[in-house]
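Novice: Pasting in a structure now, in structure tokens, and then I'll have a few things to ask.
The values are calculated or read from the model by the stated rules, or taken from the named source; none is laboratory data. Owing to the predicted nature of the structure, the values given are computational and were not obtained by experimental measurement. As a convention, Cβ positions derive from the backbone with ideal geometry for all residues, glycine included, and neighbour counts pool all protein chains shown.
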Amino acid sequence: METLIVFILIFGAIVIVHEFGHFYFAKRSGILVREFSIGMGPKLWASRRNETTYTLRLLPIGGYVRMAGIADDEDDELQPGTSVLLTLNEQQKVSRINVSQKVTLNEGIPFEIAKSDLQDDLFIEGYENGDEAELRRYDVDHDATIIEKSGTEVQIAPRDVQFQSASIPKRLLTNFAGILNNLILGIIGFILVAFLMGGVAKTSNELGTIQDNSPAQSVGLKAGDHITAVNGVKTPTFQDVAQQVNRYPNKKITLTVRHKGTSEKITATPRAQKTNGKKVGVLGVAVALDTSFSAKIAYGFTQPWFIVSQTFKVIGGMFVHGFNLNNFGGPVAMYAMTSQAAQSGLPTIINLMAYLSISVGVMNLLPIPALDGGKILLNLVEAVRGKPIDPEKEGIISLIGFGLMLLLMILVTWNDVQRFFIR
């Protein structure tokens, strides 16, 4: 249960921050945000505030900001012959259209749609109370709402508040904002981790804390010492020291140690310890920490840069070494990582959240249709061409991209299940 709660909190934070980026800049750009959803699938809760409906959905596998003019289906819901219930305001304009059988209004006008336009001319024509002898026409208020078949009430989307009506720079910023927010969350997360841990691991071969009753303590190693070589192999970084020591569980090794400017050779026997099912040697030393304020702040930027560079290195490697599902991880892999982090304390949990937030941001930057990077690419193509891409062609591209992403998600999820729970 603890792992599940931590997973929902981490995943929820990443999704909310990402989607809020789209939400905020869409609103700033004059784009109508019809729905802000956390989670996917069946609706658990909904609340409408101003022109946006906020929903919480059953499956914690993502979220979305539904902007006017993108994947809207209200025209499909108002096809000729559709029976609806209309509510009029004081100006005798339609202020609410109920298409849903799940929502019952106390009052309204039963109406059968003959013709409608909720984008430009804003009107509805049809037959009132089943009287087909007289065709009635009502103007629709610019801020009217429609209760969709699912029961979700959203504002209609006139042309002037649709995504495509915003300038290209504003659309670019709106599409990039989710990625930007993920990077910001990662930076803040890593800075917080650095302060919680009391410092940042130095890249040098300097030793930090020496464990009590450890092989390192038994041979007189002290915090501040530098291990410059193991069995004659130079070790310029602490990681190099660890890698060499790991090779010799319960075997004597010769350490070249620099202590207060003096170098000496010390014989030690690393204690055997099982790590990931493999026996390795450990001395019982921790890496030295840089406790300066500047180092802690800098860590918030160097760590995200490392993750970004490594991610692109892996992606580039796929073009050389071929596609490998093990290079990807979905919700199942995230859950497995969360399970380990939940047992290690708050700094590890925040570190995981920051890492995943950066990773989500980088993956969304890829120029693949259905991802933010794909949308940004289409914006740039439109800017170069000087005219919009045909909506039908753009829809086909997005649909293909969505299908490929769905297939990849299924394959990645199944691979994760095999990696973490079957093998």
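Novice: Search the stretch 374-397 for residues being in contact (Cβ under 8 Å) with a residue 40 or more places away in the chain and buried (at least 17 other Cβ atoms within 10 Å of the Cβ), and hand back the single one that is nearest to Ile61 (Cα to Cα).
Specialist: Lys375
Novice: For the stretch 167-217, enumerate the residues that are buried (at least 22 other Cβ atoms within 10 Å of the Cβ) and either in a loop (DSSP other than H, G, I, E, B) or at positive phi (or both).
Specialist: Asn205 - this is the single residue of the stretch 167-217 that is buried (at least 22 other Cβ atoms within 10 Å of the Cβ) and either in a loop (DSSP other than H, G, I, E, B) or at positive phi (or both).
Novice: Among Ile70, Ile61, Ile97, which is under 29 Å from Glu392 (Cα atoms) and part of a loop (DSSP other than H, G, I, E, B)? Break it down stepwise before answering.
Specialist: Details: Ile61 fails: part of a loop (DSSP other than H, G, I, E, B); Ile97 fails: part of a loop (DSSP other than H, G, I, E, B).
Exactly one residue qualifies, and that residue is Ile70.
Novice: Criterion first (at pLDDT 90 or above and out of contact with any strand residue (DSSP E or B) (no Cβ under 9 Å at 6 or more places or on another chain)) does Leu196 satisfy it? Spell out the reasoning first.
Specialist: Working: at pLDDT 90 or above: yes; out of contact with any strand residue (DSSP E or B) (no Cβ under 9 Å at 6 or more places or on another chain): yes.
Considered against the rule, which asks whether it is at pLDDT 90 or above and out of contact with any strand residue (DSSP E or B) (no Cβ under 9 Å at 6 or more places or on another chain), Leu196 comes out as yes.
Novice: Restrict the check to the stretch 258-266 and report whether at least one residue is of a type outside the set (Gly, Ala, Ser), assigned to a loop (DSSP other than H, G, I, E, B) and surrounded by 13 or more Cβ atoms within 10 Å (Cβ to Cβ).
Specialist: Scanning the stretch 258-266, I find no residue that is of a type outside the set (Gly, Ala, Ser), assigned to a loop (DSSP other than H, G, I, E, B) and surrounded by 13 or more Cβ atoms within 10 Å (Cβ to Cβ), so the answer is no.
Novice: Is it the case that some residue within the stretch 243-263 is polar (S, T, N, Q) and in contact with a helix residue (DSSP H, G or I) (Cβ under 9 Å, 6 or more places away or on another chain)?
Specialist: So in the stretch 243-263, the residues polar (S, T, N, Q) come out as 243-244, 246, 250, 254, 256, 262-263.
Then keep just the ones that are in contact with a helix residue (DSSP H, G or I) (Cβ under 9 Å, 6 or more places away or on another chain); that gives none.
No, every residue in the stretch 243-263 fails to be polar (S, T, N, Q) and in contact with a helix residue (DSSP H, G or I) (Cβ under 9 Å, 6 or more places away or on another chain).
Novice: Given the conditions (1) assigned to a loop (DSSP other than H, G, I, E, B); (2) over 22 Å from the mean Cα position of the chain (by Cα), report the number of the one that Arg48 does not fulfil.
Specialist: (1)
Novice: For Val360, which of the numbered conditions (1) in a helix (DSSP H, G or I); (2) surrounded by fewer than 19 Cβ atoms within 10 Å (Cβ to Cβ) fails to hold?
Specialist: (2)
Novice: Just the residues that are at pLDDT below 90 and either β-branched (Val, Ile, Thr) or closer than 18 Å to Leu406 by Cα (or both), please, taken from the stretch 349-361.
Specialist: Val360
Novice: Now for a different question. Out of all the residues in the stretch 282-301, is one or more within 26 Å of Ala177 (Cβ to Cβ), under 20 Å from the mean Cα position of the chain (by Cα) and either at pLDDT 90 or above or outside the structural domain of Gln211 (by TED's automatic domain parsing) (or both)? Let's see the steps before the verdict.
Specialist: As a first pass, look at the stretch 282-301 and keep what is within 26 Å of Ala177 (Cβ to Cβ): 297-301.
Of the ones still in play, those that are also under 20 Å from the mean Cα position of the chain (by Cα) are 300-301.
Filter again for either at pLDDT 90 or above or outside the structural domain of Gln211 (by TED's automatic domain parsing) (or both), leaving 300-301.
Taking every residue of the stretch 282-301 in turn, at least one turns out to be within 26 Å of Ala177 (Cβ to Cβ), under 20 Å from the mean Cα position of the chain (by Cα) and either at pLDDT 90 or above or outside the structural domain of Gln211 (by TED's automatic domain parsing) (or both).
Novice: Filter the stretch 273-310 down to the residues that are in contact (Cβ under 8 Å) with a residue 40 or more places away in the chain and touching a Pro at 6+ places or on another chain (Cβ under 8 Å), then identify the one that is farthest from Glu206 (Cα to Cα).
Specialist: Among them, the one singled out is Val282.
Novice: Would you please list the contacts, defined by Cβ atoms under 6 Å and residues six or more apart or on different chains, that run from a residue in the stretch 166-188 that is in the same structural domain as Asn379 (by TED's automatic domain parsing) and hydrophobic (A, V, I, L, M, F, W, C) to a residue that is in a helix (DSSP H, G or I) and buried (at least 20 other Cβ atoms within 10 Å of the Cβ)?
Specialist: As it stands, the answer is none, since no pair meets every condition given.
Novice: Another question about this same structure. Quick one: which residue in Leu58, Leu88, Leu32 is modelled with pLDDT under 90 and within 21 Å of Gly151 (Cα to Cα)? Working first, answer last.
Specialist: Numbers: Leu88 fails: modelled with pLDDT under 90; Leu32 fails: modelled with pLDDT under 90.
Being modelled with pLDDT under 90 and within 21 Å of Gly151 (Cα to Cα) holds for just one of Leu58, Leu88, Leu32, which is Leu58.
Novice: I need a count of the residues in the stretch 36-63 that are surrounded by 20 or more Cβ atoms within 10 Å (Cβ to Cβ) and either acidic (Asp, Glu) or touching a His at 6+ places or on another chain (Cβ under 6 Å) (or both).
Specialist: So the count comes out to 0.
Novice: Still on this structure: For the stretch 267-302, name all the residues that are surrounded by fewer than 18 Cβ atoms within 10 Å (Cβ to Cβ) and in a helix (DSSP H, G or I).
Specialist: Of everything in the stretch 267-302, those that are surrounded by fewer than 18 Cβ atoms within 10 Å (Cβ to Cβ) and in a helix (DSSP H, G or I) turn out to be Phe293, Ser294, Ala295, Ile297, Ala298, Phe301, Thr302.
Novice: Go through the residues of the stretch 388-397 one by one and say whether even a single one is assigned to a helix (DSSP H, G or I) and within 17 Å of the chain's Cα centre (by Cα).
Specialist: No, the stretch 388-397 contains no residue that is assigned to a helix (DSSP H, G or I) and within 17 Å of the chain's Cα centre (by Cα).
Novice: Starting from residues that are more than 15 Å from the chain's Cα centre (by Cα) and touching a residue at least 40 places away in the same chain (Cβ under 8 Å), keep the ones in the stretch 5-27 and report whichever is surrounded by the most Cβ atoms within 10 Å (Cβ to Cβ). Outline the logic, then answer.
Specialist: Quick first cut of the stretch 5-27, residues more than 15 Å from the chain's Cα centre (by Cα) only: 5-6, 24-27.
Next cut, touching a residue at least 40 places away in the same chain (Cβ under 8 Å) only: 6, 24-26.
Working: Val6: 19, Tyr24: 16, Phe25: 23, Ala26: 28.
Checking each candidate, the answer is Ala26.
Novice: I've got another one for you. Within the stretch 100-127, track down each residue that is closer than 15 Å to Thr145 by Cβ and not in a loop (DSSP other than H, G, I, E, B).
Specialist: Result: Ser116, Ile124.
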